[in-house]
Amino acid sequence: MNPYQVLGVSETATDAEVKTAYRELAKKYHPDNYADSPLADLAEQKMKEVNEAYDMICDMRKNPSGSHSTYSQGAYNNAQYTHTNFPDVRRLIKEGRLDDAMQILNGVSGVGRNAEWYFLMGMIFSRKGWTEQAYSYFQTACRMEPNNQEFISALNNMNARRNYNPSGYNTVNSGGCSVCDVCTTLVCMDCLCDCCGGNGCC
Amino acid sequence: MFGFVTVDRSEMLGKDFDAYKAIYCSLCKQLGKEYTFLSRFILSYDCTFYAVMALSLEDDCSGFCTGRCRFNPLKKCNYLKNNEEALSKAAALSIISVYYKLVDNIADGGFFEKLLCYLLMPFFSVWHKKAKKKFPKIEEAVAEMSKAQFEVERDADCSIDKAADPTATMLSKVLSFLTDDAETCRILSTMGYFLGKWIYLIDAANDYDDDMKKSNFNPYVIAFRDKKPSHLKDINASLDHCLSECLLSYNLLEVRRFNRIIDNLLIYGLPKKQESVLYKENKN
């Protein structure tokens, strides 16, 4: 593997250029973006490659100021939940067996349909590409348990995706700045801060 | 459902636009070559996009040559030198999708629409047969879509996701046929699903007022029948969601060439189209 090729920079690039390229790619492949995507595993793999390439370049250059890769590889849904009522369903979703996972969830009735049930239903629909359904399930999960970090970050991530703005300026004039925009901005800023990894860059 | 997948010329480099135009002209030429001169009239930007995707994944691209346009002999056009396979696939998709559009119109169109479709049908039956023989998988995917769409539209409470599923699945399959690599296939299939969903939904958004008046099937009319004031914002969010997912999938794809054309399409072309469908027309 040529680490420079992975990061898309020339071997003569300065440390700052390498770091910028790394940051751009890390933002692009950040696992949070793909947490509820059918391509989550591929994105994780890409992220790993980028991290490895960056670490390799840092080691080769032995630059004392060059920090190492700071992005975690796992998405938030892998690590952050402490208690789950549906370990099997989570495993099936991770393996991509969506129909089996759905079947188990559909078998749950009445009080068993707690916030996590709605969250996992949202997860399945999101991976199937049924975005509207997924969004409504995530919203219900957050309404039922407004303090659950896992559900909130899933919904925030989805909210960010429901406002498509890849070119950096707003193409749609919806006017003004809503509460939702503020939230999205905060989420984005949070991501950017993560990216700097507390190395005093921001 | 045609004509929504266009590039934004103002955000494009000249050389990229030349390449895009050359692919457009080459597809036109390919249609003429395989399905007679008349079939050139069905050339669409949507199928040009399919050709761009096909070409972007091919191992080699032999470059361009100059020739004369059949519609305007005074004009000189650039054409791709080789890459018949990719162009042939896109040409087949053009024929097959227009054929099924005609079949749908004959089933539920107005009197004049039906009449026109009946007149065109003999030509398209012959071309469709030929395309089917060449690329049976593409034909099967579009045929399934047509059938599934008919089923879906009989559901009076059809959700947005369900209504868009047949078109999304069709494009997902058709794009995944462009590669043999399992990983690339998954990426293309996801990207195709969300692009197909966007195409279906932008068409539904475009027809919203019309369908409401005539009480035609439209998933947005069904979804927002009880809450009218904020429907544009909700429609926009649902379309944005599709584009975001499409771009996320595309970001994982290893594209060999023409990446700036596809970037332009996803970053500028489609959002601009969406804005014009949702906001500009309503203001007038």
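The values are calculated or read from the model by the stated rules, or taken from the named source; none is laboratory data. Since this is a predicted model, take the numbers as computed values, not measurements. All Cβ positions, even for glycine, are placed from backbone atoms using ideal geometry, and neighbour counts span all protein chains on display.
Structure above, values below:
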{"quantity": "Per-region count, region A:81-136, residues more than 14 Å from chain B (Cβ to nearest Cβ) and at positive phi", "calculated": "1"}
{"quantity": "Residue within region B:181-198 that is part of a helix (DSSP H, G or I), within 13 Å of chain A (Cβ to nearest Cβ), within 30 Å of B:Asp60 (Cα to Cα) and among the charged types (D, E, K, R) present", "calculated": "yes"}
{"quantity": "From B:Lys280, B:Lys273, residue being within 11 Å of another protein chain (Cβ to nearest Cβ), closer than 30 Å to B:Ala86 by Cα and of a type outside the set (Phe, Trp, Tyr)", "calculated": "B:Lys273"}
{"quantity": "Selection count where residues are free of Cβ contacts under 8 Å to residues at least 60 places away in the same chain and more than 14 Å from every other protein chain (Cβ to nearest Cβ), scope region B:165-180", "calculated": "1"}
{"quantity": "Qualifying residue in region B:204-223 (condition: β-branched (Val, Ile, Thr) and within 22 Å of B:Asp46 (Cβ to Cβ))", "calculated": "no"}
{"quantity": "B:Tyr50 over 23 Å from B:Leu266 (Cα atoms) and in contact (Cβ under 8 Å) with a residue 40 or more places away in the chain", "calculated": "no"}
{"quantity": "Members of region B:217-231 that are at pLDDT below 85 and assigned to a helix (DSSP H, G or I)", "calculated": "B:His231"}
{"quantity": "Residue among B:Ala148, B:Ala204 that alone is more than 9 Å from chain A (Cβ to nearest Cβ), surrounded by fewer than 19 Cβ atoms within 10 Å (Cβ to Cβ) and at pLDDT below 95", "calculated": "B:Ala148"}
{"quantity": "Test result for A:Tyr22, buried (at least 21 other Cβ atoms within 10 Å of the Cβ), more than 14 Å from chain B (Cβ to nearest Cβ) and modelled with pLDDT of 90 or more", "calculated": "yes"}
{"quantity": "Where A:Pro38 falls short, out of the listed (1) within 10 Å of chain B (Cβ to nearest Cβ); (2) part of a helix (DSSP H, G or I)", "calculated": "(2)"}
{"quantity": "Filter pass, A:Tyr71 being within 12 Å of the chain's Cα centre (by Cα), closer than 30 Å to A:Glu95 by Cα, at pLDDT below 85 and surrounded by fewer than 20 Cβ atoms within 10 Å (Cβ to Cβ)", "calculated": "no"}
{"quantity": "Members of region B:218-240 that are at the interface with chain A (Cβ under 10 Å from one of its Cβ atoms) and among the polar types (S, T, N, Q)", "calculated": "B:Asn236, B:Ser238"}
{"quantity": "Residues (of a type in the set (A, V, I, L, M) and not in a loop (DSSP other than H, G, I, E, B)) located in region B:158-180", "calculated": "B:Ile160, B:Ala163, B:Ala164, B:Ala168, B:Met170, B:Leu171, B:Val174, B:Leu175"}
{"quantity": "Qualifying positions in region A:16-35 - of a type outside the set (Ser, Thr, Tyr), under 12 Å from the mean Cα position of the chain (by Cα) and part of a helix (DSSP H, G or I)", "calculated": "A:Ala26, A:Lys27, A:Lys28, A:Pro31, A:Asp32, A:Asn33"}
{"quantity": "Residues of region B:241-254 satisfying the condition of being crowded, with 16+ Cβ neighbours inside 10 Å and either more than 9 Å from chain A (Cβ to nearest Cβ) or of a type in the set (S, T, N, Q) (or both)", "calculated": "B:Ser244, B:Cys246, B:Ser249, B:Tyr250, B:Asn251, B:Leu253"}
{"quantity": "Top-ranked residue in region A:95-109 [being touching a residue at least 12 places away in the same chain (Cβ under 8 Å) and part of a helix (DSSP H, G or I); ranked as nearest to the chain's Cα centre (by Cα)]", "calculated": "A:Leu98"}
{"quantity": "Check on B:Ala86, buried (at least 23 other Cβ atoms within 10 Å of the Cβ), among the small types (Gly, Ala, Ser) and in contact with a Leu (Cβ under 7 Å, 6 or more places away or on another chain)", "calculated": "yes"}
{"quantity": "Close pairs from region B:247-260: first in contact (Cβ under 8 Å) with a residue 24 or more places away in the chain and of a type outside the set (A, V, I, L, M), partner crowded, with 20+ Cβ neighbours inside 10 Å and assigned to a loop (DSSP other than H, G, I, E, B), Cβ under 8 Å, at least 6 apart", "calculated": "B:Ser249/A:Ser37; B:Ser249/A:Leu39; B:Arg260/B:Met12"}
